[in-house]
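Single-structure report; data block below.
The values are calculated or read from the model by the stated rules, or taken from the named source; none is laboratory data. From a predicted model like this one, the values you see are computed outputs, not experimental measurements. Virtual Cβ from ideal backbone geometry, glycine too; neighbours counted across all protein chains shown. For accessibility, only protein heavy atoms count, side chains too; no ligands or nucleic acids. Shrake-Rupley method; radii C 1.70, N 1.55, O 1.52, S 1.80 Å.
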Amino acid sequence: MIQFSDNATVDIVAKLVAVTVAMFAFVFVVMVPLYDVLCDALGINGKTSGQAYTAVAATVDETRSVTVQFLATNNQGMPWEFGPGTTAMKVHPGAVNDTVFHARNPLPQPMVAQAIPSISPARAAEYFHKTECFCFNQQPLDGESAAQMPLQFIVDRDLPRDIHTITLSYTIFDVTDMAGGAVATR
Amino acid sequence: MGDYHHGPAKGLSRWLFTTNHKDIGTMYLWFSFAMFILGGSFAMVIRAELFEPGMQLVDPAFFNQMTTLHGLVMVFGAIMPSFVGLANWLIPMMIGAPDMALPRMNNWSFWILPPTFLVLASTLFMEGGAPAFGWTFYAPLSTTYAPPSVTFFIFSIHVLGLSSIMGSINIIATVMNMRAPGMTYMKMPLFVWTWLITAFLLVAVMPVLAGAVTMMLMDIHFGTSFFSAAGGGDPVLFQHVFWFFGHPEVYIIILPAFGVISQVIPAFSRKPLFGYASMVYATASIAFLSFIVWAHHMFTVGMPVAGELFFMYATMLIAVPTGVKVFNWVTTMWRGALTFETPMLFAIGFLILFTIGGFTGLMLAIAPADFQYHDSYFVVAHFHYVMVAGAVFSMSAGIYFWLPKWCGRMYNEAMGKTHFWISFIGFNLAFFPQHFVGLAGMPRRIPDYALQFADFNMMSSIGAFIYGASQILFLYNVIATIVAGKPVSDEKVWDGAEGLEWTLPTPAPYHTFETPPLVK
Ligand code: HEM
Ligand SMILES: [Cu+2]
C-alpha cells in the first residue's frame with residue numbers, strides 16, 4: 001500500500017494521475033483523429049476521400065483539358081501483377097471518366113489486397129473526386145486468377161488553372177492477414 | 001539534528017525495502033552508472049566498427065542493434081535515472097523536508113527499473129536479435145519489419161514510462177507540499193525548480209510515449225493499422241506522436257542539468273546566481289515551447305510550407321530563453337572569486353560545449369538547411385554536444401560537488417581534474433569531427449562509409465575510446481572516496497556553497513530535517 005502523508009498529497013497525486021490518464025487518452029482521441037482531419041482538410045499527403053463522391057453532376061468545362069496519369073506500385077513483398085489499363089487520359093473538368101486497373105494473383109492461394117491512392121501534386125487532391133473506385137474496398141482474388149478493377153472519377157471544375165497534369169498513384173498492399181478485421185479503408 | 005533513532009537496516013533488505021530518499025537516490029545513481037557502462041560498451045562496439053571503412057567486427061544487423069540499444073540505454077537507463085537519483089538525494093535536503101512525499105512509491109519506481117532493463121538487454125539473445133530500428137523506433141521499421149523481440153521492447157518502454165511517471169508524481173508532491181516553513185517557491189534552489197518543471201513535462205509526455213508503443217503493439221498483434229498505409233493508417237503519424245514526446249524529452253534530460261549547473265557555478269564563483277527570477281521564467285518558457293516545436297525533427301517528411309516555417313521559427317524561439325540562461329551563468333562568473341575545482345571545471349566545460357550544441361541546434365532548425373543535415377552525422381554531433389557535454393558533464397559536476405556531503409569524504413582532486421581533462425579532450429576528439437563528416441554527407445546509423453570519411457572517423461573512434469576510458473577513472477575515484485577518502489566534517493564542504501543541504505552535518509545523516517528548519 002502506498003502511504004500518504006496528508007490530504008494535500010492525496011489531492012495532488014489524484015490530479016497528476018488524472019493528467020497521466022488524460023494524456024494517454026489524448027493520443028488516441030485527439031492526436032490520431034486530428035492528424036487525419038488535418039491531412040484531409042489541407043489535402044496533404046495527396047490523400048483523396050475514402051468515400052464515393054456523390055455530388056450532382058456539374059456541367060462540363062470544355063474550354064480546358066487536364067492530363068491524368070496513372071501509376072501502380074506494389075508494396076514490398078506483394079506478388080500481384082498490378083497495373084493501369086491506360087497510363088494517361090486527357091479529360092475535361094466536370095466530365096465523368098471511366099478507366100480500369102488490372103490485377104492478377106499469381107500465387108496458388110487466395111489473397112486479399114488493398115490499394116491506397118495518392119495524388120500529386122497534393123494541391124490537386126481535393127479537386128479529384130472518385131465516384132467509384134476499387135480502392136474503397138479490399139480486393140480479394142482466388143489463387144491464379146485475375147480481375148479488372150473499375151475506377152470512375154471527375155476532375156472538379158474549380159481545379160486551379162495552373163494545374164495541367166494530375167498523377168494518381170496506387171500502391172497495392174497485401175492485407176490477407178488483416179482482412180476481415182476492422183481496418184479503415186480510404 | 002542527532003541521528004538518535006534507528007539508522008539503516010542491515011544487509012540486502014536495507015536496499016530492497018528501503019523507503020529512505022537517500023538510499024533510493026544512491027541506488028538510482030549506481031544503477032544509472034551501470035547503465036552508462038552498458039550503453040557505453042555498445043558505443044565502443046559502434047566506434048570500433050567505424051574505426052576504419054569496410055566491415056570488420058560485426059555484421060550490419062548487429063551494428064543496428066548496437067545503435068538502437070546504445071540510444072535507448074543511455075537516454076532511459078543512464079541519463080534519466082541519474083537525475084532522478086540526484087533529485088531523491090537533494091530535493092528533500094534542499095527544501096527542508098524529512099523525505100519524499102511518497103516513500104513507498106519511491107521504492108517501487110526504482111525497483112521496477114532493473115528488471116526492465118534486464119528484459120531490454122536480454123533481447124540481444126533472442127531469436128531475430130534485439131530491436132534494430134534506432135532509438136526513435138520509426139514505424140514501419142518497428143512494426144512491419146521489426147524482429148519478434150519488439151514486444152519485449154514495447155513492454156520495457158511501458159514499464160520505464162511508469163517508473164518515470166511515479167517518480168515525477170513523487171517529486172511534484174514533495175516540492176508542492178513538503179517545503180519547510182518560509183521556503184517560498186521563489187526561494188527554492190534552481191535545481192528544485194528545474195526538477196519541478198521537468199516532472200510536469202514527464203507527467204505530460206511519458207503517457208504519449210506509452211500511447212505510441214501501445215499503437216505499435218496493436219498494429220503488430222491486434223490487426224489495427226495506425227501506422228500501416230495498407231489499412232488506412234500513416235507511418236508519418238508515428239513520427240508526429242513520437243516527437244510530440246521526443247522533443248519535450250530532450251528538455252527532460254537537460255533541465256535538471258541546468259539545475260545542477262545553476263548550483264555549482266555560484267558556489268565556485270562565490271556570488272549568488274545572477275538573475276534567479278529570470279532563470280525560473282526561462283526554464284518555464286523552455287518547457288512550454290518544447291511542446292510546439294516537435295516537427296523540427298520532421299522537416300523532410302513533406303510538410304506544407306506553412307508548417308515548415310512555423311516549426312522553424314518556434315524552434316529558433318527556444319534559443320532565446322536558453323540564451324538567457326547561458327548569459328546568466330556567464331554573468332554569475334563575471335568578477336567572481338573563481339576557483340577551478342573539479343565540479344567547476346565540469347560546469348565550465350558544460351557551458352562551452354552545451355553552447356556549441358545549441359548553435360548547431362540552431363543550424364538544424366533552419367528548415368531548408370536541414371534537408372542537407374538531416375539524418376547525417378551532423379545531427380549525431382549536435383545531440384552528443386547537448387546530451388553528453390550537456391547532461392553527462394553536468395552529472396559529473398554534480399557528483400563531485402555533492403559526493404563529499406553525502407559520504408563525508410573528499411574525492412581525490414588531482415584525479416578528478418585528470419578525469420575532467422581526459423573527458424574534455426576525448427569528448428571533443430570524438431564528436432567535433434562528426435560535424436565535418438556530417439556536413440560532407442556521411443549518414444548516421446551506418447556500419448560502413450565512403451573512404452573520404454576515414455580519417456575523421458578514426459579520430460572520432462580514438463576520442464570515444466579515450467572518453468570511455470576516462471569514466472573508469474571516475475568510477476575508481478568515486479569508490480576510493482567512499483571507502484578511503486580523506487574525511488571532511490565541515491558542514492559546507494565548499495566555502496562558497498549556499499543552501500539548506502549545506503547546513504546539515506557532514507556526512508549527511510540517514511534522517512535529516514525531521515523537524516523542519518525555518519527559512520528566513
Ligand atoms: C537551442 C536549442 C536546440 C535547438 C534549436 C535544437 C534543434 C534540433 C533540430 C532542428 C534537430 C533535428 C535535426 C534533424 O534530425 O535533422 C535536433 C535533433 C536533436 N536534438 Fe536538438 N536542439 C536544441 C537543443 C537540444 C537539447 C538541449 C537536446 C538534449 C539535451 C537536444 C537533443 C537532440 C536530439 C537527441 C536530437 C536527435 C534526435 C534523433 O533524431 O535521434 N537538442 N535538434
Ligand atoms: Cu527537438
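Here is how the numbers come out for the structure above:
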read-out: Semi-axes of the equivalent ellipsoid for the stretch A:1-42, Cα gyration tensor, largest first, Å; value: 36, 8, 4
read-out: Share of pairwise Cα separations in the stretch B:279-373, more than 17 Å, in percent; value: 58 percent
read-out: In degrees, nearest ten, helix B:377-386 long axis to first principal axis of chain B (Cα); value: 10 degrees
read-out: Charge dipole of the stretch A:112-171 about the Cα centre (unit charges at C-beta), most positive-ward option of A:143, A:131, A:120; value: A:120
read-out: The stretch A:103-186: GluC sites (Glu not before Pro) in DSSP coil with no more than 15 other Cβ atoms inside 10 Å; value: A:144
read-out: Hull shadow area, averaged, the stretch B:32-156 [alpha-carbon convex hull, nm²]; value: 9.2 nm²
read-out: Relative contact order [Cα under 8 Å, 6+ residues apart], chain B, whole percent; value: 18 percent
read-out: Size of electric dipole in the stretch A:66-185: Cβ of Lys, Arg +1 and of Asp, Glu -1, about Cα centre, debye, nearest 20; value: 360 debye
read-out: 1.4 Å probe, heavy atoms, protein only - residues of the stretch A:17-40 losing at least 40 Å² accessible area vs chain alone; value: A:20, A:23, A:24, A:27, A:28, A:31, A:32, A:35
read-out: Charge dipole of chain B about the Cα centre (unit charges at C-beta), most positive-ward option of B:221, B:143, B:332; value: B:332
read-out: Per residue, the convex hull volume that the Cα atoms of the stretch B:2-88 enclose (Å³); value: 113 Å³
read-out: Solvent-accessible area per residue for the stretch A:63-150 (1.4 angstrom probe, square angstrom); value: 46 Å²
read-out: Rg over Rh, two decimals, the stretch B:139-210 (C-alpha only, Kirkwood Rh); value: 1.21
read-out: In degrees, nearest ten, helix B:305-333 long axis to first principal axis of chain B (Cα); value: 30 degrees
read-out: Loop sites in the stretch A:56-156: chymotrypsin sites (Phe, Trp or Tyr not before Pro), DSSP, at most 10 other Cβ within 10 Å; value: none
read-out: Pairs of Cα atoms farther than 11 Å apart, the stretch B:100-140, %; value: 72 percent
read-out: Rg over Rh [alpha-carbon atoms, Kirkwood Rh] for the stretch B:201-298; value: 1.20
read-out: Hydrodynamic radius by Kirkwood, which averages 1/r over all alpha carbon pairs of the stretch B:380-438, in angstrom; value: 12.7 Å
read-out: Three principal axis lengths of the stretch B:236-280 [C-alpha, angstrom, descending]; value: 51, 18, 9
read-out: Kirkwood hydrodynamic radius of the stretch A:66-185, Cα pairs, Å; value: 15.0 Å
read-out: Value of Rg/Rh across chain B [Cα atoms, Kirkwood radius]; value: 0.96
read-out: Carbon plus sulfur fraction of accessible area for chain B, probe 1.4 Å, in percent; value: 73 percent
read-out: Two-decimal log10 I(q)/I(0) for the stretch B:411-455, as the Debye equation yields it once each C-alpha is a single scatterer, q = 0.18 Å⁻¹; value: -0.63
read-out: Point-charge dipole on Cβ atoms (K/R +1, D/E -1) for the stretch B:23-503, about Cα centre, debye to 20; value: 1080 debye
read-out: Overall dimensions of the protein assembly as shown by Cα: Rg and Dmax, Å; value: 28.8, 97
read-out: With Cα atoms, 0 to 90° folded angle of helix B:276-289 axis to chain B main axis; value: 30 degrees
read-out: Point-charge dipole on Cβ atoms (K/R +1, D/E -1) for the protein assembly as shown, about Cα centre, debye to 20; value: 1900 debye
read-out: In the B-A interface, the accessible area buried, summed over both sides, Å² (probe 1.4 Å); value: 2900 Å²
read-out: Cα convex hull volume per residue for the stretch B:456-520 (Å³); value: 166 Å³
read-out: Inter-label distance, nm, simple model (7 Å from Cα along the C-beta direction), residue B:270/residue A:8; value: 3.8 nm
read-out: Accessible area in square angstrom per residue, chain B, 1.4 angstrom probe; value: 36 Å²
